[in-house]
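The structure appears below as structure tokens.
The values are calculated or read from the model by the stated rules, or taken from the named source; none is laboratory data. This one's a predicted model, so the numbers in the text were calculated from it and none came from an experiment. Reconstructed Cβ throughout: ideal geometry from the backbone, glycine too, with neighbour counts over all protein chains shown. Please note that ligands, DNA and RNA were not included when accessible areas were found on the heavy atoms of the full protein model with its side chains. Shrake-Rupley method; radii C 1.70, N 1.55, O 1.52, S 1.80 Å.
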Amino acid sequence: VTQPREHHHVRTSRPRRGLAARLQDERSSGLLLLVAAVLALVWANSPWRESYFALAGTVVGPSGLHLDLPVSAWAADGLLAVFFFVVGLELKTEFVTGSLRRLSAALLPMLAAVLGMIGPAVLYTLVQLGAGSGATAGWAIPTATDIAFALALLGIFGRGLPPALRVFLMTLAVVDDLLAITVIAVFYTEEIHLLPLLGALAVVGLFAVLVRRRVGAWWVLVPLAVLAWGLMHASGVHATVAGVLLGLSVPARAGRGEREAMTHRFVARVQPWSAGLVLPVFAFFAAGVAVVDSGGLGEVLADPVALGVMAGLVLGKPLGIWGGVAVLVRTTRLRLGNGVDLADLLGVAMLAGIGFTVSLLIADLSFGGTGLGSSAKLAVIVGSVLSAVLGGLTLRLRARVRVRGAGARRAPAGGGAAGPRPERVRAGRR
């Protein structure tokens, strides 16, 4: 029986069955995320919408620790730290043993990720300047890529295209995650309280020492992780950064007597919770935009912020990624290779416009619960859907093309420089 494809980057040798296996399947987890978002939208625009916002605004937590937060804030700041912990594990694995361990192999998708963030940011800012909205603070909203959705759709619509496309998208997404985390930490931190920050870093350091000594007991590590999260939250830095730092501290190579690396074991334990609980709950509370109270869908999407976000996701991402790669392969020694042509990459670049999870988070950080925030969130959903449809159609059309380009004959080791470009060749249907 074939195991389902996993939507994270860390492969494990541990067999998965039942619900855990389903949650590792890109399509199942992506569908669960989509259902949560649609349910939130429907409820937030139903006659019972007041109960939705009452639930989202319910304050829970100890006030003495300044953790008396609305449920929606717990979803974004608390639960989402688990998702970012998995991101940290993935980053560590890719840097140590994965696709980012060799700069020559990773340089082109890394540069594509950078350009794929610059393009949407510039396009969003131009829209705001042209409209005179003054809402340039949301420039980072359309820069993120939701890897779960993007890989799921590539698996569905990209059949028949070179497998190296998936590696390219995964590498791009890893760097995109790292850049998004950096943006959140640097640009969305208003005030830093030094002592709690130093305390958080000290706890992360203790966590790192323990995992390097192969201490894996949850009753030791989980309390330390919660403490690091609490101190990071108190410092003013977005608390999800603690999750990333904790994930990056976990060893990515198997030690003596170990069958697999600790990062692999932690992913196997935490990923089902992240895919099955954390992300759907976050999407449920982040995607609930009351369109009926804002003058209707047309009026909300006509807002300059919404137009900028949609333009960034649908146009800015492909322009930055595909356009940037096109310039790089023509002006430098960097090549795609491994059977991938520039035309194959267009659909992948469009799928990268599926922002969703991190884009919704940044929309909330940029504008909070204001009308601009509602416009931005709705635009994230609409822009992501458009990117998914356009990317899927483009991939299917490309998969039917029998004439392959230079990349079909060129597979340089490490994806680095290559020799002269061969002539276009004809290949059978893959």
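Overall, the range 164-248 carries a charge dipole of about 500 debye about its Cα centre when +1 sits on the Cβ of Lys and Arg and -1 on the Cβ of Asp and Glu, all other atoms neutral.
Within the chain, the longest run free of exposed loop sites, counting GluC sites (Glu not before Pro) that sit outside DSSP helix and strand states (H, G, I, E, B) and have at most 10 other Cβ atoms within 10 Å, spans 192-422.
Each label point was placed 7 Å from the Cα along the Cα-to-Cβ direction; for SER46 and THR125 their separation is 4.2 nm.
Applying both filters, DSSP loop and at most 12 other Cβ atoms within 10 Å, to the trypsin sites (Lys or Arg not before Pro) of the range 303-410 gives ARG333, ARG400, ARG402. Identify which of ASP176, ASP77, ASP68 has the largest mean-square fluctuation in a Gaussian network model of the chain, with springs joining Cα atoms closer than 10 Å. Result for the chain, Cα springs under 10 Å: ASP68 fluctuates most. Over the range 181-245, what is the relative contact order in whole percent, taking alpha-carbon pairs under 8 Å and six or more residues apart? The normalised contact order for the range 181-245 reaches 48 percent.
Of the residues THR370, THR240, ranked by 1.4 Å probe accessible area with the largest first, the sequence reads THR370, THR240. Considering only LEU346, ALA140, ALA121, and ranking their Cα positions along the charge dipole of the chain that arises from unit charges at the beta-carbon of Lys, Arg, Asp and Glu, the one farthest toward the positive end is LEU346.
Summed over the residues of the range 56-168 and divided among them, the accessible surface reaches 38 Å² per residue at a probe radius of 1.4 Å. What separates the Cα centres of the range 277-331 and the range 102-135 is a distance of 13 Å. Name the residues of the range 355-381 whose amide N is less than 12 Å from a point 7 angstrom out from the Cα of SER133 along the C-beta direction? Inside the label zone: 367, 371-380. Note on the chain: semi-axes of the ellipsoid equivalent to its C-alpha gyration tensor, largest first and rounded to whole Å, are 33, 29, 20.
Figure note: ARG159, ARG259 ranked by solvent-accessible area, largest first, 1.4 Å probe, ligands and nucleic acids not counted: ARG259, ARG159. Over the range 352-396, the hull volume per residue, using the convex hull of the C-alpha atoms, is 49 Å³. One decimal place: the segment VAL385-VAL327 gains 18.1 nm when fully extended, by the rule 0.36 nm per residue minus the C-alpha distance.
Annotation for the range 359-399 versus the range 152-168: alpha-carbon center distance of 21 Å. Counting only protein heavy atoms, what percent of the accessible surface of the chain is carbon or sulfur at a 1.4 Å probe? The nonpolar share, carbon plus sulfur, comes to 66 percent. Taking 7 Å steps out from each Cα toward its Cβ at ALA54 and LEU195 produces label points 4.1 nm apart. Remark: the range 124-130, residue by residue, has Karplus-estimated 3J(HN,Hα) of 4, 5, 4, 4, 5, 5, x Hz, where x stands for each Gly or Pro and the curve is 6.51 cos²θ - 1.76 cosθ + 1.60 at θ = phi - 60°.
Here the Gaussian network model covers the chain, with springs between Cα atoms less than 10 Å apart; of SER359, SER374, SER46, SER46 fluctuates the most. Placing pseudo-labels 7 Å out from each Cα toward the beta carbon at ASP68 and TRP218 gives an inter-label distance of 3.2 nm. All Cα-Cα distances of the range 228-356, cut into 5 Å bins from zero to the largest, leave 2, 8, 9, 11, 12, 13, 17, 15, 8, 4, 1, 1, 0 percent in each bin in turn. Solvent exposure of the range 284-408 amounts to 34 Å² per residue of accessible area, where only protein heavy atoms count and the probe is 1.4 Å.
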